[in-house]
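Before any comments, here is the structure.
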Amino acid sequence: MKKAYELAKEQYKALGVDTDAVLKQMDKVQISLHCWQTDDVGGFEKPDAELGGGGIQVTGNYPGKATSIEEMRTDLDKVLALLPGKQRLNLHAIYGEFGGELVDRDQIEVKHFQGWIDWAKERGMGLDFNPTCFSHPMADTGFTLSSKDESVRKFWIEHVKRCRAISAEMGKQLGTPCVMNTWIPDGSKDEPIDRNGHRALLKASLDEALSTPYSKEHMIDAVESKLFGIGAESMTVGSHDFYLGYAIANSKAICLDSGHFHLTESVGDKISSCLQFVDDVLLHISRPIRWDSDHVVTFNDEVRLIASEIVRNNYLDRVKIGLDFFDGSINRVGAYVVGTRAAQQAFMVAMLEPTKTLREYEEKGQYFERLALLEVLKTRSFGAVWDYYCQVNNVPSGDGFIADVQKYEQAVLVKR
């Protein structure tokens with residue numbers, strides 16, 4: 001493997017790329033793993049919790065779903081052991097440790113997540129966080145922060161306030177800012193009359209929920225848009241236009257989920273536009289097929305463009321990278337590993353690009369040369385660099401992780 005790497009190193013050196021420097025730069029790519037892939041977005045508010053409502057649907061019933069926080073952490077440790085580099089963990093509010101008590105969402109506290117903070121501290125990793133504004137009786141009408149029922153709005157405003165306090169404490173204790181992302185499922189299945197009314201209420205609710213100031217050293221607020229969802233096909237209150245405007249006006253981060261736009265739209269193309277006006281962008285990388293179906297991320301053109309835009313413009317410090325897919329039809333641990341590695345590979349390929357040369361071609365109007373070099377890069381030995389990166393990080397290279405996941409399935413998952 002070292003010999004293959006040395007050959008690839010020479011190939012890239014001829015193009016002006018230092019592969020050793022790329023391996024070091026890859027350490028800056030920390031991907032926030034979404035905890036909900038382990039249990040199909042069920043959470044642990046109560047025994048046998050099931051996903052319900054809010055425009056979210058997980059398909060499949062593959063054996064081995066995590067049914068407790070202990071099982072979830074075991075799965076996450078296995079995933080982390082098969083990934084090169086250092087990652088983060090992204091939690092939803094329904095994944096607290098409630099000790100068998102029913103703690104409603106407007107009552108959650110830091111103590112319910114201290115176990116996760118300690119778990120992350122032991123592993124030297126950061127945490128990110130999300131209010132859970134779905135799968136709850138107070139979300140049954142299809143509206144939460146934009147509801148015309150004041151009692152419903154107050155409930156969710158309090159939930160978001162408490163989540164922000166928890167997030168700030170996570171960031172403070174772990175020494176790395178916690179990204180607190182607010183997404184709501186609010187919308188209308190059929191054509192609404194008063195779109196403006198709901199959006200005015202959402203703005204007012206956000207103003208109140210996000211009013212308490214916290215240091216960005218501890219917590220970063222993000223707001224996430226969506227095109228449509230199940231039960232919200234005709235209108236989503238929190239559209240991209242709404243949240244981009246809100247983020248700019250209130251100095252918040254904008255979350256771009258690659259499954260939340262028209263299929264002909266490219267999240268990769270939005271990054272540099274958004275960063276002209278906001279300090280930070282949060283990414284939720286997924287793989288939409290026809291609609292927001294949140295398939296496991298693969299090494300495809302869309303993910304490669306996202307990574308390229310970030311690397312070409314030195315945006316790694318301003319873009320927070322997260323995943324958001326939930327597939328219950330295949331081995332969930334394997335899905336994690338495949339999806340995260342695909343995202344990592346996209347960033348490595350972007351870093352192996354001779355961007356300076358390509359930009360010079362572009363500035364001089366040498367578009368043939370630009371196109372030709374981009375095509376040449378497709379045949380370079382990226383795989384050898386990736387395998388070597390895995391080796392120096394003491395994780396399986398190539399297809400070696402497949403056998404590890406299979407062994408874990410037989411030893412752990414099928415016994416649940």
If R0 = 25 Å, then residue 121 and residue 68, at their Cβ-Cβ distance, give a FRET efficiency to the nearest 0.05 of 0.75
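Given R₀ = 35 Å, what would the calculated FRET efficiency be for residue 318 paired with residue 230, taking r from the Cβ atoms and rounding to 0.05? Mind dumping the intermediate values first?
Working: r = 33 Å, r/R0 = 0.93.
Given R0 = 35 Å and the Cβ-Cβ separation, E is 0.60.
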Compute the long axis of helix 240-250 from its Cα atoms, compare it with the longest principal axis of the Cα atoms of the chain, and write down the angle in degrees, 0 to 90, nearest 10. 90 degrees
Given Cα positions, please report Rg to Rh for region 260-372, the hydrodynamic radius being the Kirkwood one. 1.01
Quick one: work out Rg over Rh on the C-alpha atoms of region 318-388, Rh as Kirkwood radius. 1.12
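How far, in nm, would the chain grow between residue 403 and residue 111 when pulled straight, counting 0.36 nm per residue and subtracting the alpha carbon separation? Could the numbers behind the result be given before it?
Numbers: separation 292, 0.36 × 292 = 105.12 nm, distance 3.83 nm.
The span from residue 403 to residue 111 would gain 101.3 nm if fully extended.
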The chain: most fluctuating residue of 275, 145, 371 per GNM, C-alpha cutoff 10 Å: 371
Suppose only helical runs count, i.e. DSSP H with n ≥ 4. What mean residue ellipticity at 222 nm does that imply for the chain under -39500 (n - 2.57) per run, divided by all residues and rounded to the nearest 500 deg cm²/dmol? -13500 deg cm²/dmol
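From largest to smallest, what semi-axes in whole angstrom does region 72-114 give when each is the square root of 5 times an eigenvalue of its alpha carbon gyration tensor? Please list the in-between numbers first.
Values: eigenvalues 145, 24, 11 Å².
Taking √(5λ) for each eigenvalue gives 27, 11, 7 Å, largest first.
Can you tell me which of 195-205, 331-341 comes out highest on packing, and rank the rest after it, using the mean Cβ neighbours within 10 Å?
Working: 195-205: 17.1, 331-341: 23.7.
Final packing ranking: 331-341, 195-205.
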For the chain, what is the convex hull volume of the alpha-carbon atoms per residue, in Å³? 140 Å³
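Say R0 is 22 Å: what FRET efficiency, to the nearest 0.05, do residue 293 and residue 86 get from their beta-carbon distance?
Details: r = 30 Å, r/R0 = 1.34.
Efficiency, rounded to the nearest 0.05: 0.15.
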Spacing of the two label points (7 Å from each Cα toward its C-beta) at residue 263 and residue 392, in nm: 4.1 nm
Report, in degrees rounded to the nearest 10, the 0 to 90 angle that the Cα long axis of helix 2-14 makes with the longest principal axis of the chain. 80 degrees
Lysine pairs in region 8-98 with alpha-carbon atoms under 20 Å apart, 8 or more places apart or on different chains: how many are there? 7
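If you count, for each residue, the other Cβ atoms within 10 Å and average over each peptide, how do 389-396, 215-222 line up from highest to lowest?
Ranking the peptides 389-396, 215-222 by packing returns 215-222, 389-396.
Order the peptides 153-165, 373-385 from the highest to the lowest mean number of other Cβ atoms within 10 Å of their residues.
Numbers: 153-165: 21.1, 373-385: 15.2.
Answer by packing, highest mean first, reads 153-165, 373-385.
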Spacing of the two label points (7 Å from each Cα toward its C-beta) at residue 18 and residue 357, in nm: 1.7 nm
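Taking 8 Å as the Cα distance limit and 6 or more residues as the minimum spacing, I'd like the relative contact order of the chain as a percentage.
Values: 749 pairs, mean separation 83.5, N = 416.
This gives 20 percent for the chain.
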What ³J(HN,Hα) values, in whole Hz, does the Karplus curve 6.51 cos²θ - 1.76 cosθ + 1.60 give for region 374-386 when θ = phi - 60°, with x put for Gly and Pro? 4, 5, 4, 4, 5, 9, 6, 7, 4, x, 5, 5, 4
Please compute the modelled spin-label separation between residue 415 and residue 276, points set 7 Å along Cα→Cβ, answer in nm with one decimal. 5.7 nm
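Read-outs: derived from the displayed coordinates by stated rules, not from any lab. Every value quoted in this text rests on a predicted model; they were computed, and no experiment measured them. Reconstructed Cβ throughout: ideal geometry from the backbone, glycine too, with neighbour counts over all protein chains shown.
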